[in-house]
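Let me begin by presenting the structure, written as structure tokens, before commenting on it.
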Amino acid sequence: MHQAASSFLSFVLSPLNWIILLLGYGYFSGSLVIKKTCRILALCIFLLFSNEWILDKYANQWQPQPVTIAPGNVYSCGIIPGGFASPDQNSNGYFNASADRFIQAVKLYKLGTIRHILVSGGNGKIDKKNFHEAGWVKGELITMGVPDSVIFIEDRSANTADNAMISKQILDSLSLAPPYVLITSAMHMPRASVIFKNAGVEVIPFPCNYVAGRGSFGISSLVPQIPVLAGWNVWLKEAVGYFWYSHIQRRGATNEKN
């Protein structure tokens, strides 16, 4: 159910799909005014959402700034939400574009900043059930020299809300004292922080895996780029998710208590 809703949201929030729908509607419309209007709107959307400079400005405002944890500050556990490892066609795991979550978790452990690592990642994709991300990541952590005894995993979660709920259950059962270091992509951090807070998990955000918002301006940033246009649906999904969990869901929970 969640996977279907997520796929639908990705489609609805894709500027590329907006352009296709506008051009298609204009093409089949019998009105010259509608045809012209659809083309103009499609062009405006293309120029706006394919502009890397605009994306960088948005990302800079949306994402939290990099965090430096002071030497000597030690936390009982670092939590890494899943989504940074994927299966190939033979269900063999590999690190994807969000692998900086793994790198930073290992770094924080090696520096002595976190004493334990909790990998919270199941698999929400119906056709990928033979791959268990958390278990695979645990093997990679051990390969990197992290002791088996300090690694905890859960492979039941299919989304960030599950990550938070199940992580709380595990951390409470282990009696590991909060706050915990939440290690996830900067793009994902605003929504993830709210979800973990709503679940009663006290976390210190440690954003990583910056994919936009930290570059320097260049003339080339103004040139329309298809990858920039195609990537906006992820940013918009994060914004909608943040609004939902920080306003609508929280308001609903407050009303239930009252």
Exercise. With springs connecting C-alpha atoms under 10 Å apart, model the chain as a Gaussian network and identify which of Gly112, Gly72, Gly241 has the largest mean-square fluctuation.
Key: Gly72
Exercise. List, in order, the whole-Hz ³J(HN,Hα) value for each residue of segment 15-22 obtained from phi through the Karplus relation with A = 6.51, B = -1.76, C = 1.60 and θ = phi - 60°; use x for Gly and Pro.
Key: x, 4, 5, 4, 5, 4, 5, 5
Quiz item: For Lys36, what accessible area in Å² do you get when you roll a 1.4 Å probe over the heavy atoms of the protein chains, rounding to the nearest 10?
Solution: 130
Quiz item: Quick one: length gained pulling Lys110 to Val67 fully straight, 0.36 nm per residue minus the C-alpha distance?
Solution: 13.8 nm
Quiz prompt | Rounded FRET efficiency, nearest 0.05, which uses the C-beta distance separating Met144 from Ile54 and R0 of 35 Å | solution = 0.40
Quiz item: Given charges of +1 on the Cβ of Lys and Arg and -1 on the Cβ of Asp and Glu, with all other atoms neutral, how large is the dipole of the chain about its Cα centre, in debye to the nearest 20?
Solution: 600
Quiz item: What FRET efficiency comes out for the pair Cys44/Ser6, r = Cβ-Cβ distance, R0 = 25 Å, nearest 0.05?
Solution: 0.35
Quiz prompt | Nearest-ten-degree value, helix 226-243 long axis tilted from longest Cα axis of the chain | solution = 60
Quiz item: So what's the angle, to the nearest 10 degrees on a 0 to 90 scale, between helix 133-143 and the longest Cα principal axis of the chain?
Solution: 50
Self-check item: Amide H contacts of Ile114 (H built 1.01 Å from N, under 5 Å, at least 5 apart or other chain)
Solution: Tyr75, Tyr109
Quiz item: What residues have an amide H closer than 5 Å to that of Val203, excluding those fewer than 5 places away on the same chain, when H is modeled at 1.01 Å from N in the peptide plane?
Solution: Tyr180
Quiz prompt | Nearest-ten-degree value, helix 2-12 long axis tilted from longest Cα axis of the chain | solution = 30
Quiz item: Among Ile34, Ile45, Ile80, which one shows the biggest mean-square fluctuation in a GNM of the chain, springs joining Cα atoms closer than 10 Å?
Solution: Ile34
Quiz item: Can you work out the FRET efficiency for the pair Ser175 and Leu23, with r the C-beta to C-beta distance and R0 = 41 Å, to the nearest 0.05?
Solution: 0.10
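The values are calculated or read from the model by the stated rules, or taken from the named source; none is laboratory data. Quick caveat: nothing in here was measured; it's all calculated off a predicted structure. Quick reminder, even Gly has a Cβ in these numbers, built from the backbone with ideal geometry, and neighbours come from all protein chains shown. Accessible surface is based on the protein model in full, side chains and every heavy atom, while ligands, DNA and RNA are left aside. Shrake-Rupley method; radii C 1.70, N 1.55, O 1.52, S 1.80 Å.
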